[in-house]
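I have placed the structure first, in the form of structure tokens, so that the comments after it can refer back to it.
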Amino acid sequence: MLTVLGVALAAVLSRGNVIKGLTAGLAGMLVGMIGTAPSTAEERFTFGSLFLGDGLSLVAVALGIFGLAEIASRASQRRGDKQSVEVTGGWGSGIREWLTHWSQVLRGGLIGIWAGVLPGVGATAGIWLAYGQAVATAKDKRQFGKGDPRGIVGPESANNSLEAGDLIPTFLFGIPGGVPSAMLLGMLLTYGIQPGPSIINEHLDLLYMIIWAFAIASVLGALFCFMTVRPLSSLTKVPFSILAAGLVVIMLLGSFQDGGQLGDLWVMLLLGVAGWVLKSTGFPRAPFLIGFVLAIPMERYYFLTDSLYEGFDWMLRPGAMVFIAILVLPILWNIFKWFRARRKLSADDELKSDSAPDAEAPLKNSIWSLCAAAVLLVVFAGSLVLSSSYSPDAKLVPQLVGWVGVIMSLVVLMTELRTRKAAANTSQQVPIDATAFLNEQAAVTPDGATTVRGGSAASGKHAALTNEAVVGSARTTDALVPSLPGVAMPGGGGSWGPKWTADASFALRTFAWMAGFLILTALLGYLAAISIFLPTFLLIVARAKLKTTIIYTIVFFVLMLALPSLLPIDLPQGLLASWLCSAFT
């Protein structure tokens, strides 16, 4: 039930886009089901590929949806922040904020422990669950995403308690919930220490040492962050386009370490494009990642519950009923508030609230968001067709997710069409004076006289308009022009919103640069690809100085060259390196 609760919190994370949040969460669950079914060991959605048989890497999905998408969105920023960053308040200010939001600390810590106890849930889902409860319990949600301390205190409390909670099943049952606990369990088994209840009696000193190590590491980590916050704040002065080149190199290398295959890098790039589309069109990305993480655990626990209980008897247990109440009551309350608000709002107010784009979603309520909803509908419908040939146990959850996804994407699609229709109807409600003013293209000369450009017979009438009347009509027109179907807008707008923008063009070109880097990596290897990609990207895209480009490239090349000898890291080898190795051996 906790896994279901995590996916359901996608609606809370959406902050107003409940349907879009649920649709994104279901899409993430569908992507998480690629690979082998946990109940029948049957391959699903692999299309016969051995690479997809193991499922997609969490690192590749997370870095693609959030990392590469964010780089593509901000790579056009060739200037740093000119205003100096001032870090004020000191340690006392942070302690006061912590004491002010002590309830978020407790709730986030409990959520982190519970997420750590459940194997497979992991840090990602636990942190977003804590963030979701912080948003849900806040009366004023406007500052979330803009530096609200509550959005940091709760998730960070969960992050600090996740590993501690993960130790409970690791020590007592030998079931690690993540990579760190699995490494710790491997070291214990190497020294002959068996996990189980007996570890408390036989190796109590070891348990205390691990607990104290966690406590000391947390204190030292906090001190290190306090000491480095001022130097790190100077990074805001560096143009993001310069940082983007190095971030791409580091992120792709990190994704390669998880599976050791170049296919993970291409999956990361494709999901980066998908993440950029989701972000630009108003689909929240956090529910997508939560759905991906919780897809297999939810399916595994469902079949485990189904084998222990008959029918729906498990829903009558006290714990399950508590979680069901947590799921249902907020939904009913939101539906009630929506109906109450809908009766108070007029049609014009509703249109403004629905169609107003924001800085984080510049392509919201446009042809882009309409196409995104249509693509999601096709994806969910395709999953229904593909999963219909699986065995009954293997297709149960994919079919459920597919049908719910089809319904949600249809609702989103109908909402997009309704918004377009409402915008088109509103654009026709233009005053007569403003329409005549547009048709005849009147203009006010600098000396105050009115000049009419046009050859119609009615031009003489409007030439006699007073300056005040023209200015008044112009003001009315300016307020209505953005919704006129035939009026040119920046980015090719109209009632369908922006069709193409400079940021969209730059983002797609950035993804093309990333694809070129992957092609060079596959052909020449990672070091050779870095030596070509970094200077070219910095000179052409970031427009950096030649001196900066040379130093930047040399530092990264030397770092990547020395990294495999310092850490257990493998660099991707290209076809040329493989050919040379085979030729000289």
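List every residue pair whose Cβ atoms lie under 7 Å apart, where the two residues are 6 or more positions apart in sequence or sit on different chains, the first residue falls within the stretch 552-573 and is in contact (Cβ under 8 Å) with a residue 60 or more places away in the chain, and the second residue, located anywhere, is among the charged types (D, E, K, R).
none
Among the residues that make up the stretch 519-538, is at least one of them farther than 18 Å from residue 238 by Cα, assigned to a loop (DSSP other than H, G, I, E, B) and over 27 Å from the mean Cα position of the chain (by Cα)? Even if it seems obvious, please write down each step before you answer.
Residues of the stretch 519-538 farther than 18 Å from residue 238 by Cα: 519-533, 536.
Checking the rest, the ones that are also assigned to a loop (DSSP other than H, G, I, E, B) come to 525.
Within this subset, residues satisfying the condition of being over 27 Å from the mean Cα position of the chain (by Cα) are 525.
Checked against the condition, which is being farther than 18 Å from residue 238 by Cα, assigned to a loop (DSSP other than H, G, I, E, B) and over 27 Å from the mean Cα position of the chain (by Cα), the stretch 519-538 yields at least one hit.
Taking the residues in the stretch 161-176 that are of a type outside the set (Val, Ile, Thr) and at pLDDT below 75 as candidates, determine which candidate is least open to solvent (accessible area, probe 1.4 Å).
Restricting to residues being of a type outside the set (Val, Ile, Thr) and at pLDDT below 75, the top hit is 174.
Answer yes or no as to whether residue 116 is at pLDDT below 80, surrounded by fewer than 21 Cβ atoms within 10 Å (Cβ to Cβ), touching an Asp or Glu at 6+ places or on another chain (Cβ under 6 Å) and more than 23 Å from residue 229 (Cβ to Cβ).
For residue 116, the condition - at pLDDT below 80, surrounded by fewer than 21 Cβ atoms within 10 Å (Cβ to Cβ), touching an Asp or Glu at 6+ places or on another chain (Cβ under 6 Å) and more than 23 Å from residue 229 (Cβ to Cβ) - is not met.
Just to verify a result, which residue in the stretch 386-429, among those that are of a type in the set (Ser, Thr, Tyr), modelled with pLDDT under 85 and open to solvent by less than 30 Å² (accessible area, probe 1.4 Å), is farthest from residue 294 (Cα to Cα)?
Per the criteria, the residue is 427.
Please give the helices (runs of 4 or more DSSP H) falling wholly within the stretch 13-70 in which 2 or more residues are closer than 15 Å to residue 396 by Cα.
Helices (runs of 4 or more DSSP H) meeting the threshold: 18-32.
Conditions (1) in contact with a Phe, Trp or Tyr (Cβ under 7 Å, 6 or more places away or on another chain); (2) under 20 Å from residue 575 (Cβ atoms), marked per residue:
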{"position": "515", "(1), (2)": "no, yes"}
{"position": "520", "(1), (2)": "yes, yes"}
{"position": "524", "(1), (2)": "no, yes"}
{"position": "531", "(1), (2)": "yes, yes"}
{"position": "536", "(1), (2)": "no, no"}
{"position": "549", "(1), (2)": "no, no"}
{"position": "558", "(1), (2)": "no, no"}
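Which one of these does residue 179 not meet: (1) modelled with pLDDT under 80; (2) in contact with a helix residue (DSSP H, G or I) (Cβ under 8 Å, 6 or more places away or on another chain); (3) under 27 Å from residue 28 (Cβ atoms)?
In the conditions (1) modelled with pLDDT under 80; (2) in contact with a helix residue (DSSP H, G or I) (Cβ under 8 Å, 6 or more places away or on another chain); (3) under 27 Å from residue 28 (Cβ atoms), residue 179 misses (2) alone.
Is it the case that residue 272 is in contact with a Phe, Trp or Tyr (Cβ under 7 Å, 6 or more places away or on another chain) and buried (at least 20 other Cβ atoms within 10 Å of the Cβ)?
yes
Could you grab the pairs with beta carbons closer than 8 Å, sequence gap of 6+ or different chains, first residue in the stretch 269-293 and assigned to a helix (DSSP H, G or I), second one hydroxyl-bearing (Ser, Thr, Tyr) and open to solvent by less than 20 Å² (accessible area, probe 1.4 Å)?
287/14
Is there a residue being surrounded by 10 or more Cβ atoms within 10 Å (Cβ to Cβ), modelled with pLDDT of 80 or more and of a type in the set (Asp, Glu) anywhere in the stretch 194-212?
yes
Any residue that is within 28 Å of the chain's Cα centre (by Cα) and not in a helix (DSSP H, G or I) - is there at least one of those in the stretch 571-579?
Initial filter on the stretch 571-579 (within 28 Å of the chain's Cα centre (by Cα)): 571-572.
Add one more test, that the residue is not in a helix (DSSP H, G or I), and what stays is 571-572.
So far as the stretch 571-579 goes, yes, one or more of its residues are within 28 Å of the chain's Cα centre (by Cα) and not in a helix (DSSP H, G or I).
For the subset of the stretch 539-548 comprising residues that are outside any helix (DSSP H, G or I) and open to solvent by 100 Å² or more (accessible area, probe 1.4 Å), which member is nearest to residue 260 (Cα to Cα)?
If we take residues in the stretch 539-548 being outside any helix (DSSP H, G or I) and open to solvent by 100 Å² or more (accessible area, probe 1.4 Å), then 543 is nearest to residue 260 (Cα to Cα).
For a quick check of your reading of the model, give me the residue pairs whose first member lies in the stretch 22-41 and is open to solvent by 40 Å² or more (accessible area, probe 1.4 Å), whose second is assigned to a helix (DSSP H, G or I) and among the aromatic types (Phe, Trp, Tyr), with beta-carbon atoms closer than 8 Å and at least 6 apart or on different chains.
Listed pairs, sorted by first residue: 38/303; 39/303.
From the list 233, 218, which residue is out of contact with any helix residue (DSSP H, G or I) (no Cβ under 9 Å at 6 or more places or on another chain) and either in a helix (DSSP H, G or I) or open to solvent by 80 Å² or more (accessible area, probe 1.4 Å) (or both)?
Numbers: 218 fails: out of contact with any helix residue (DSSP H, G or I) (no Cβ under 9 Å at 6 or more places or on another chain).
Result of the check over 233, 218: 233.
Which residues, taken from the stretch 509-525, are surrounded by fewer than 21 Cβ atoms within 10 Å (Cβ to Cβ) and either among the basic types (Lys, Arg) or in contact with a helix residue (DSSP H, G or I) (Cβ under 8 Å, 6 or more places away or on another chain) (or both)?
509, 511, 513, 515, 516, 518, 520, 522, 523, 524, 525
Six or more apart or on different chains, Cβ atoms under 9 Å: show the pairs whose first residue is in the stretch 205-232 and farther than 12 Å from residue 164 by Cα and whose second is surrounded by 11 or more Cβ atoms within 10 Å (Cβ to Cβ) and of a type in the set (A, V, I, L, M).
What qualifies is 206/188; 206/193; 206/199; 225/232; 230/85.
Scan the stretch 549-580 residue by residue and report those that are within 24 Å of residue 242 (Cα to Cα), out of contact with any Ser or Thr (no Cβ under 9 Å at 6 or more places or on another chain) and open to solvent by 60 Å² or more (accessible area, probe 1.4 Å).
Listed by number, the residues that qualify are 550, 551, 554, 555, 558, 559, 561.
The values are calculated or read from the model by the stated rules, or taken from the named source; none is laboratory data. No experiment lies behind these values; they were computed from the predicted model shown. Counting neighbours? That spans all protein chains shown, and the Cβs are built from the backbone with ideal geometry, glycine included. The accessibility values were calculated without ligands, DNA or RNA, using every heavy atom of the protein model including side chains. Shrake-Rupley method; radii C 1.70, N 1.55, O 1.52, S 1.80 Å.
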